[in-house]
Amino acid sequence: MSENYTALYEQHKKAGASFTDFGGWQMPLKYESELAEHHAVRKSAGLFDLSHMGEVWVTGPDAASFLDYALVGKLSAVAVGKAKYSLICNADGGIIDDLISYRRPAPEEGIDKYLVVPNAGNAKVVAAALLERAAGFDVVVEDASAETSLIAVQGPNAEAILLKLVPAEQHALVTELKYYAAVEVSINGQDLLLARTGYTGEDGFEIYVSNVDAAGLWEALLEAGEGHGLIPAGLAARDSLRLEAGMPLYGNELSRHVNAYAAGLGPVVSLAKESDFIGRDALTAIKAAGVGSALGQKLVGLKGTGRRAARAHYSVLKDGSLIGEVTSGQPSPTLGYPIALAYVDVEHSEPGTIVEVDLRGKAEPFEVVGLPFYKRVK
């Protein structure tokens, strides 16, 4: 049984949510229909409680150089107000977590400030790793996860819903906000951090708010979403949405046994940055070897030609021989056919390759396809 409850737990109960354990948290799996929630995000808007995610502030004169050392990306090159997707890795190149870092305005001259957002089950691990790696750097690492809630509005109508809550004089801050950028705006009468980010493949926003103000913001968003098709959405819809968008999930596609190149995240690694970083030597060697990983496998998309879906841990075969394993899979509500992510041997990873997945004793054909499966029309 989960030990943690978000500040919005009572709102979810009142809305009739079914709950599940996720990363040690009791989280809404769905409210009425996970399919309806999925389609709402694709066609109108969905409201998500993401308060199980972590929030770690990194502040100080060395904040930029410290994150260049602690993470695989070049965080010092991120402009104030922008965000960057990155990884925190072990010395062997294994992925401890994937995360987003936001560079915030300097609180004073000579001081840099970042908000690092790790995944739910990894929040404490990442905070501890950052604290350990901070030795020798003039930075303060503060884990604010326990006091912070995170609410997301995702879908084509997300911007219109936000504009109903933001003062008219700040509307341009919302409409002109670029993807992977953040700004402080007044929402529901409070100054909050608004980021144009998400995990659904749609346009949308994520809002950071204190726990004590989370319920008021949730209710205000639901009210503002009336007439715009906004409904609360749970983890089931979030998972089917992110899978269609080809986005990896830690614990499925990403782990300490996987490296960035195998996971298709090579561009996230900055081997060109001048500073050293943890995992650099290992990742340099892996890239130089020219294979997806030490095991010679690579993450690919699979499209089913039948109706039955592949699921996590199902075996991927070629001519009867084992060549890989499914990490995530289900029927795609948007596309109408089964989709999956899987690690397969590199020699069978080219799009157009036909493989089979062992669906509980019966081999069914799947085609290797490029990612993402779904991409919104902008």
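The values are calculated or read from the model by the stated rules, or taken from the named source; none is laboratory data. Here the structure is a predicted model, which means the values were calculated and not measured. Note that we place each Cβ from the backbone using ideal geometry, even for glycine, and neighbour counts take in every protein chain shown. Just so you know, the surface numbers come from the protein's heavy atoms only, side chains and all, with ligands and any DNA or RNA stripped out. Shrake-Rupley method; radii C 1.70, N 1.55, O 1.52, S 1.80 Å.
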### Query
How many of the residues making up the range 175-206 are open to solvent by 20 Å² or more (accessible area, probe 1.4 Å), among the charged types (D, E, K, R) and not in a loop (DSSP other than H, G, I, E, B)?
2
### Message
Report every pair of residues separated by at least 6 positions or lying on different chains whose Cβ atoms are under 6 Å apart, first residue within the range 38-58 and over 16 Å from Ser240 (Cβ atoms) and open to solvent by 10 Å² or more (accessible area, probe 1.4 Å), second assigned to a strand (DSSP E or B) and not aliphatic (A, V, I, L, M).
### Response
Trp57/Glu142
### Task
Scan the range 77-87 and give yes if some residue there is assigned to a helix (DSSP H, G or I) and either surrounded by fewer than 21 Cβ atoms within 10 Å (Cβ to Cβ) or touching a Phe, Trp or Tyr at 6+ places or on another chain (Cβ under 6 Å) (or both), otherwise no.
yes
### Query
Any chance the range 298-311 includes a residue that's farther than 25 Å from Glu37 by Cα, under 27 Å from the mean Cα position of the chain (by Cα) and open to solvent by less than 40 Å² (accessible area, probe 1.4 Å)?
yes
#### Entry: So Phe373, is it open to solvent by less than 50 Å² (accessible area, probe 1.4 Å), over 29 Å from His39 (Cα atoms) and either without any contact (Cβ under 8 Å) to a residue 24 or more places away in the chain or part of a loop (DSSP other than H, G, I, E, B) (or both)
no
### Query
Any residue at all in the range 6-27 that is crowded, with 18+ Cβ neighbours inside 10 Å, of a type in the set (Val, Ile, Thr) and part of a loop (DSSP other than H, G, I, E, B)?
yes
### Task
Return the pairs, sorted by first residue and then second, in which the second residue is part of a loop (DSSP other than H, G, I, E, B) and among the β-branched types (Val, Ile, Thr), the first residue lies in the range 205-233 and is under 22 Å from Ser145 (Cα atoms), the beta carbons are less than 6 Å apart, and the residues are 6+ apart or on different chains.
Glu206/Thr197
#### Entry: the range 182-207, residues that are of a type outside the set (D, E, K, R) and more than 15 Å from the chain's Cα centre (by Cα)
Ala182, Val183, Val185, Ser186, Ile187, Asn188, Gly189, Gln190, Leu192, Leu193, Leu194
